[in-house]
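The values are calculated or read from the model by the stated rules, or taken from the named source; none is laboratory data. Owing to the predicted nature of the structure, the values given are computational and were not obtained by experimental measurement. With ideal geometry, Cβ positions are generated from the backbone for all residues, glycine too; neighbour counts draw on all protein chains shown. Just the protein is used for accessible areas: all its heavy atoms, side chains included, with ligands, DNA and RNA removed. Shrake-Rupley method; radii C 1.70, N 1.55, O 1.52, S 1.80 Å.
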Amino acid sequence: MRTKLLLLAAASAMLAGCATTVPSYPATLSFDRADCVTTPETVTAVSLTPDKDKKIWVLDSQLSASGPCLERNGVSAPYMVFALPDDGRTKMVELGAGLELARVLSPRVVLLDAEGAETRAFTRDQYMFRPGLLSVQFVPQENERYALVTVDPEPIGQSHDTIVAGTSVTTIYTGFGASNWRSGHEAMMSRGFSYEGAVRALVYRADEEK
């Protein structure tokens, strides 16, 4: 019996050692590189064409300071390009930053035509905090082929603060049975706007594709 208990304890310890936690990266507050291009590269664009068996297609990426960078209007920042679905394949695209534990990318989304020229940009008030996201929603137009995601430098240094509420249940055993006691708790979560961070795209597939 003692041997079995020791084996169970060892197995529990091994499982605990293998458990993984989500890393918490601090906000990247500065970006300074001299090798940034002035025209975004579209040849390596990441496809947003959704799988046919999914109504909502989710694609996660990372914008990194060590990756490609772009200089626009005298400001340098990391960037990535997505290839929009063909006409009729989607009814809406949602694109922006995924909320991390301690930071959130300060996103700037610009739509481009087939030649890489800007067709549409979004003002800051068009970006909204949605569950797990800071994003903009749009319907691709016929002349729009790519979505450029880069960084809006203005919010860098600021933070987005939210109150996270939750409940916990405690079971109390007495001589007359058991009862559950519920209690609430609140915690403040602060995310710094960052030059680096998670990028998330959600593609809502058209009900009837052309």
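Here are the numbers for this structure:
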{"quantity": "Filter pass, residue 99 being in contact (Cβ under 8 Å) with a residue 60 or more places away in the chain and on the phi < 0 side of the Ramachandran plot", "calculated": "yes"}
{"quantity": "Enumeration of residues in segment 177-210 that are at pLDDT 90 or above, crowded, with 19+ Cβ neighbours inside 10 Å and not polar (S, T, N, Q)", "calculated": "191, 192, 193, 195, 196, 197, 198, 199, 200, 201, 202, 203"}
{"quantity": "Positions within segment 49-102 being open to solvent by 30 Å² or more (accessible area, probe 1.4 Å), part of a loop (DSSP other than H, G, I, E, B) and among the aromatic types (Phe, Trp, Tyr), in sequence order", "calculated": "none"}
{"quantity": "Test: residue in segment 53-67 that is closer than 20 Å to residue 123 by Cα and either at pLDDT 95 or above or touching a Gly at 6+ places or on another chain (Cβ under 8 Å) (or both)", "calculated": "no"}
{"quantity": "Boolean, residue 146 is open to solvent by 40 Å² or more (accessible area, probe 1.4 Å), aromatic (Phe, Trp, Tyr), at pLDDT below 95 and in contact with a strand residue (DSSP E or B) (Cβ under 6 Å, 6 or more places away or on another chain)", "calculated": "no"}
{"quantity": "Residues located in segment 108-132, provided they are open to solvent by 10 Å² or more (accessible area, probe 1.4 Å) and either in contact with a Phe, Trp or Tyr (Cβ under 6 Å, 6 or more places away or on another chain) or assigned to a strand (DSSP E or B) (or both)", "calculated": "108, 118, 119, 120, 121, 128, 129, 130"}
{"quantity": "Failed item, numbered, when residue 113 is tested on (1) farther than 21 Å from residue 198 by Cβ; (2) modelled with pLDDT under 95", "calculated": "(2)"}
{"quantity": "Cβ pairs under 6 Å, 6+ apart, first in segment 25-53 and in contact (Cβ under 8 Å) with a residue 12 or more places away in the chain, second among the acidic types (Asp, Glu) and in a loop (DSSP other than H, G, I, E, B)", "calculated": "28/196"}
{"quantity": "Yes/no for residue 75 being aliphatic (A, V, I, L, M), under 24 Å from residue 29 (Cβ atoms) and modelled with pLDDT under 95", "calculated": "yes"}
